[in-house]
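> Have a look at the structure that comes next, please.
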Amino acid sequence: MKNCSKLKLFSLVIVVALVLSILSFSSVSAADSSFSVYPTSIAGLPVILVETNANDIAIPSGDVTLVLLDTTSSTIQESSTKLNLNNYLKNNPLPKNVSFEVYGEPGVTAQEIISLAASNNTFQKQHGVIKLGPIQTGISPDTITIIPSFQVDENGDPNNEPYLDMQSCNIIAPTIIGNYEDNYTYFGDNVFTNTNYFLQSGEIYANGSSRLVSADTGTGCGAQTFYLPYYGGDTYDHSISYYGAGNYGYQEWMMWCFNITTSAWAYHLETYATGTSLSYNPNTSVFFENHNVNSNWYAGFQSSTVQANDAYDGGYPDGPWANNYFCLPNYSMTGSLTNFGTTIWTLSEIPTAIMQGP
């Protein structure tokens, strides 16, 4: 009887240990609610965090982001080539609700990334998840809603070269000195693919703080935070590109954020994004989006302007914009992104959002 009790206790300990081990790298599949155990490394890179709606409320319920750490690559290009996600997934298929995020930087640690992830989730629980998305048109006046204003520098190149598969911009991160906003603003790189899939990489300014984010159609355009420190005055390269040949149905669209000043970088890879090139559309652009209805919303910015430029920074050899168009309409923009140029947005001239309702 005593030996049987010991055996039961030993079995219980083993079961508990196994459950804890599985929970540390598992989640529920969106498709069939069955448990899926995720690998502890992918193509040689350790999985340091499994993100679900339970630990990041910006992730739709059922979706999963596997966060990887790359301490051996010096650049995003080296890392993405080494990862070779297409080849890995061909031999090691994972559920289609899985996306991937990779971080690298001189001296970066898993603890730093996990700590930033936790603090970001706490912040979003307090202030809510910000919804981004394409330029909004045709909003019904039957419900009370805020119609944001957009100041858009549209990329005209895909109209002439439909095979283009990358767009990037460098943004000197504005310094935020106070909280005068009643909502939020977004500034960044945005593309429509040739299948009308929308992707974004940029910066959000809200609640007296700033975040580096990505968003896309597949996750409902809820802002997904890059776990990189935001430093006002640093230059961030926000790029979106099609990566890989779509082997075995896997098509990798990459949204990245690279701090040119500190060499810290992160990129978000999706296997479920569609399309293989950019679409000629006002959403294939760099735009500033304002959701504030109060007239002094910009008082929290240290500078009266923000700017973006299309500059070769040692990354992918994307050529300069050959054509660009100010649209929707141009109240605030001067300069040009063509030929590695710079466009400047004057904040006080960006229209406020409109409160609309019955």
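> List the strands (runs of 3 or more DSSP E) that sit entirely inside the stretch 43-138 and contain at least 1 residues that are under 15 Å from the mean Cα position of the chain (by Cα) and of a type in the set (D, E, K, R).
Because the criterion is at least 1 residues that are under 15 Å from the mean Cα position of the chain (by Cα) and of a type in the set (D, E, K, R), the strands (runs of 3 or more DSSP E) in the stretch 43-138 that meet it are 45-51, 98-104.
For every residue, the table says whether it meets (1) out of contact with any Phe, Trp or Tyr (no Cβ under 9 Å at 6 or more places or on another chain); (2) more than 22 Å from Cys327 (Cβ to Cβ).
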residue: Pro134; (1), (2): no, no
residue: Phe150; (1), (2): no, no
residue: Tyr163; (1), (2): yes, yes
residue: Asn183; (1), (2): no, yes
residue: Ala206; (1), (2): no, yes
residue: Asp216; (1), (2): no, yes
residue: Cys221; (1), (2): no, no
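> Here's another thing I want to ask about it. Quick one: would you say Tyr298 is outside any loop (DSSP other than H, G, I, E, B), at pLDDT 90 or above, touching a strand residue (DSSP E or B) at 6+ places or on another chain (Cβ under 6 Å) and crowded, with 19+ Cβ neighbours inside 10 Å? It would help to see each step written out before you state the result.
On the way: outside any loop (DSSP other than H, G, I, E, B): yes; at pLDDT 90 or above: yes; touching a strand residue (DSSP E or B) at 6+ places or on another chain (Cβ under 6 Å): no; crowded, with 19+ Cβ neighbours inside 10 Å: yes.
Spelling it out, it is not the case that Tyr298 is outside any loop (DSSP other than H, G, I, E, B), at pLDDT 90 or above, touching a strand residue (DSSP E or B) at 6+ places or on another chain (Cβ under 6 Å) and crowded, with 19+ Cβ neighbours inside 10 Å.
Let's see how each residue does on (1) out of contact with any Leu (no Cβ under 8 Å at 6 or more places or on another chain); (2) farther than 23 Å from Ala110 by Cβ; (3) surrounded by fewer than 22 Cβ atoms within 10 Å (Cβ to Cβ); (4) among the β-branched types (Val, Ile, Thr):
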residue: Gln167; (1), (2), (3), (4): no, yes, no, no
residue: Asn196; (1), (2), (3), (4): yes, yes, yes, no
residue: Leu212; (1), (2), (3), (4): no, no, no, no
residue: Ile240; (1), (2), (3), (4): no, yes, no, yes
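> Cβ-Cβ below 8 Å, separation at least six or inter-chain, first residue in the stretch 184-196 and under 17 Å from Glu270 (Cβ atoms), second hydrophobic (A, V, I, L, M, F, W, C) and part of a loop (DSSP other than H, G, I, E, B): which pairs?
These pairs meet every condition: Thr193/Ala273.
> Further question: Considering only the stretch 169-196, state which residues are modelled with pLDDT under 95, assigned to a loop (DSSP other than H, G, I, E, B) and in contact with a Ser or Thr (Cβ under 9 Å, 6 or more places away or on another chain).
Asn179, Asn194, Thr195, Asn196
> So Asn283 clears everything in (1) modelled with pLDDT of 90 or more; (2) in a loop (DSSP other than H, G, I, E, B); (3) out of contact with any Ser or Thr (no Cβ under 8 Å at 6 or more places or on another chain); (4) surrounded by fewer than 20 Cβ atoms within 10 Å (Cβ to Cβ) except one condition, right? Which one?
Asn283 satisfies every listed condition except (4).
> How do the pairs read when you match residues in the stretch 40-65 that are closer than 12 Å to Val102 by Cβ with residues anywhere that are assigned to a loop (DSSP other than H, G, I, E, B), using Cβ under 7 Å and keeping only pairs 6 or more apart or on different chains?
That search, which allows pairs on different chains as well, returns Ala43/Asn84; Leu45/Asp70; Pro46/Thr40; Val47/Phe25; Val47/Tyr38; Val47/Pro39; Val47/Thr40; Thr65/Ile59.
The values are calculated or read from the model by the stated rules, or taken from the named source; none is laboratory data. What you see is a predicted model; the values in this text were computed from it and never measured. We place every Cβ from the backbone using ideal geometry, glycine too, and count neighbours over all the protein chains shown.
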